[in-house]
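The values are calculated or read from the model by the stated rules, or taken from the named source; none is laboratory data. Every value quoted in this text rests on a predicted model; they were computed, and no experiment measured them. Every residue, glycine among them, receives a Cβ derived from its backbone with ideal geometry; neighbour counts consider all protein chains shown. All accessible areas refer to the heavy atoms of the entire protein, side chains included, with ligands and DNA or RNA removed. Shrake-Rupley method; radii C 1.70, N 1.55, O 1.52, S 1.80 Å.
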Amino acid sequence: MIQANQVWFIRHACSMINLWADWRSRKINESLIPASELAFIKSTRKAFDLKFLDAPLCQRGRLQAQKSQQLVANLPIKYIISSPLARSLETTKIAFDKHMHKNKMEVIVHPLIRECLSNSDDIPKWTLTTQRDKYDDDKGLHFNFRMLEPMHSGLYFLETVQPELKEQVKKELRVVGEEKYPEVLIKLMEAKAKLTKNKRIYVESFANTRQRAKLFLVWLNEFMKRESLTPNEVAVVTHMYFLQCLAAKKFDEDGAPVYPTVPNAVPFQIDVEELLRLSPPDIRCVN
């Protein structure tokens, strides 16, 4: 049942690194993976690898996004907001393709709703020019990257790197050049992995991701008021850890959100105003 007072949220469809993780944990039969994708995922043993930099969707993910077209077709959506990472942008373009062309909609690309920085697929490899060329089309579909223009180099990610690591990254970038930020961050992930016996690496803290989520909710609430939108007229395409940090009401001793796994490419609703009431953002916490 559609709730008029709740915003639509969608986790991106299955990406190449999601496929790699499922293959590694034997959650998917190799016979179901296209030969080219199987060869690719077999060629690496670690998630923090340049091969997975800003990973796109795999074939399974593209099929998931196509199925989502039916799920969103009759929703009263007027605005779509997407993470700037490739797997979210690609999911948005496929899932909302018919919806956007029919209603001549614009996608707002928002930097606050990217994923918690922990793997190489969480690091962008884009420039504004290549992104516009890739996602816009001649049928009226338009992705608005205006909010990313002040941070197109990708160095805005340094503002969410954990404080004890930030100076180390900045120091290396002064030597090798700012354009090498993906390599520097991935090198840092690999070094931390050796110290933590290959546990998942969080270069950004969950606390920081939670704060980003809260700030996005404030922005979203103001945006809906300014555009005279009801919440169910807005869809947000983002990531699992971001969604868990946004919606969770409990967190474990490490600060990780206690929240169910969010399925790929399935729209669900969240009461944004309730979340803001329960946990307003502390502006002083922003790095």
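Extending each Cα 7 Å along its Cβ direction at Asp254 and Glu222, get the distance between those two points in nm, one decimal.
3.5 nm
Please report the carbon-and-sulfur percent of the accessible area for the range 1-55; probe 1.4 Å, protein heavy atoms only, DNA, RNA and ligands left out.
Heavy-atom surface of the range 1-55 belonging to carbon and sulfur, 1.4 Å probe: 53 percent.
Extension gain Ser43-Glu164, at 0.36 nm per residue separation less the Cα-Cα distance, in nm?
Stretched fully, the Ser43-Glu164 segment lengthens by 40.3 nm.
Using a 1.4 Å probe, what is the accessible area per residue for the range 9-59, in Å²?
Using a 1.4 Å probe on heavy atoms only, each residue of the range 9-59 averages 49 Å².
Computed FRET efficiency, Cβ-Cβ of Gln69 and Val175, R0 35 Å: what is it to the nearest 0.05?
0.15
Which distance in Å, rounded to a whole number, links the C-alpha centroids of the range 78-92 and the range 157-191?
Going from one Cα centre to the other spans 26 Å.
Evaluate the distance, in nm, between pseudo-label points positioned 7 Å from the Cα of Lys125 and of Asn103 along their respective Cα→Cβ axes.
3.3 nm
Counting only protein chains, not ligands or nucleic acids, how are Ile80, Ile94 ordered by accessible area (probe 1.4 Å), most first?
The ordering from most to least exposed comes out as Ile94, Ile80.
Given a Förster distance of 30 Å, report the FRET efficiency between Ala191 and Ser36 from their Cβ-Cβ distance, rounded to the nearest 0.05.
Approximately 0.45, to the nearest 0.05.
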